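Please treat every number below as a calculation from the coordinates, not as lab data. As the structure is a prediction and not an experimental result, all values here were calculated from the model. Methodologically, a virtual Cβ is constructed for each residue, glycine included, from the backbone with ideal geometry; neighbour enumeration extends over all protein chains shown.
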Amino acid sequence: MSRQGEALENNPVSTYGQVKHWLRKRRPSLIVVLLVISMIVVFFFDRIVISIHSGEAGVLYHRFSGTETDTIYSEGLYIISPLDTMYIYEVRKQVARHEFDVISNKGLTVHLSLAVRYRPEYELLGILHQRIGPDYLGRVVLPQIESVMRKELGNYTAEQIYTNEAGLLTNAILTALDEVGRNYVQVEDIIILSIKLPTEMITAIEDKLKQEEYMKSYEFRIQTATKEGERQKIEADGIKAYHNSINESLTESVLRFKGIEATLKLAASSNAKVVVIGSGKDGLPIILGSDQIAPASVPEETGKTEPVAKPDKKSNGNNAKNTPNTLNPAGDDKS
């Protein structure tokens, strides 16, 4: 090649012209290739551009190397190979409802309705995907809970299950939580929404419970009556002891002294009274108030009060009864 040819090759204008000539020559092929690439990008856009939203996490599966168990893809936008697959899991708390039947030890069917609150273990999401898969709720969580509940409750009667005797439902739930927690899933709570039995069985159980409550009420009433009787007996014994103590202390001399004190108090009062000296028991005076004295008759002419004399016991006949015995001021009989 001559020096002029080398100069033409090293000239940028000449190189650009060669490229342009090459592109013009292969234009149809390039257009086809670009169209194919565009179609591939459009068709596999969802597999290439991956968006992980809030409350989600992703696990990447490589076509040739398998699942990435040590890498968890958090929220954000990722571009991956269309040959790979990104599995997205919801890592928020979730609630699933489940219903199943339990056969008691006497052959009766008990229908349970549960609400399960769960979420996958974030750090173990890759292992969960590799060993169980996205459908871990239907594969592990609910079947495991149902199996444990049937095993734990199948040893009891329908009445014991319905009344939750000795907390057997609570114990069964705790056992189920422990079993499910071994499968890379965190079950926070299992709530029993309802327990259904045959109508006749429910009526019989409720009637039995009512009778038990009645019996407890009667026992309480008996205890109350017993305690009340004991209280009254203690009160009566106290009153008896009090009276016995008073009877022992109330001697005849004390009673006479109390009578003298009462007489002195009545005599010192300002109320009108009549005192009869030496006429009471033990020689104590009798004090009569003004309302105990017989009213005197007042003549119309003189306005003086004259006492009414008692009838003479020695007089006989009607004349003695009708004739009053008038006493003079000195107390002598005029007749």
*Do any chymotrypsin sites (Phe, Trp or Tyr not before Pro) in segment 46-93 lie in a DSSP loop with no more than 13 other beta carbon atoms within 10 Å, and if so, which?*
F64
_Net length gained if the chain between F100 and R182 were fully extended (0.36 nm per residue, minus Cα distance)_ = 27.3 nm
*If you take the beta carbon distance between E213 and N155 as r and set R0 to 30 Å, what does 1/(1 + (r/R0)^6) give as a FRET efficiency, to the nearest 0.05?*
0.65
*For segment 95-197, what class follows from the C-alpha gyration tensor (a ≥ b ≥ c being the square roots of its eigenvalues): rounded when a/c is under 1.5, otherwise prolate if a/b is larger than b/c, else oblate?*
prolate
_Once R0 is set to 45 Å, what does the formula 1/(1 + (r/R0)^6) return for the Cβ-Cβ distance between E165 and A241, expressed as a FRET efficiency to the nearest 0.05?_
0.30
*Tell me, in nm to one decimal, what length is gained between Q130 and K20 on full extension, where the rule is 0.36 nm per residue of separation less the Cα-Cα distance?*
34.3 nm
*Within segment 99-160, report the trypsin sites (Lys or Arg not before Pro) that DSSP leaves as loop and that have at most 16 other Cβ atoms within 10 Å.*
K106
_Once you place label points 7 Å from the Cα toward the Cβ at I222 and R27, how far apart are they in nm?_
11.3
*For the residue pair V36 and A268, what label-to-label distance in nm results when each label sits 7 Å from Cα along the Cα-to-beta-carbon direction?*
13.9
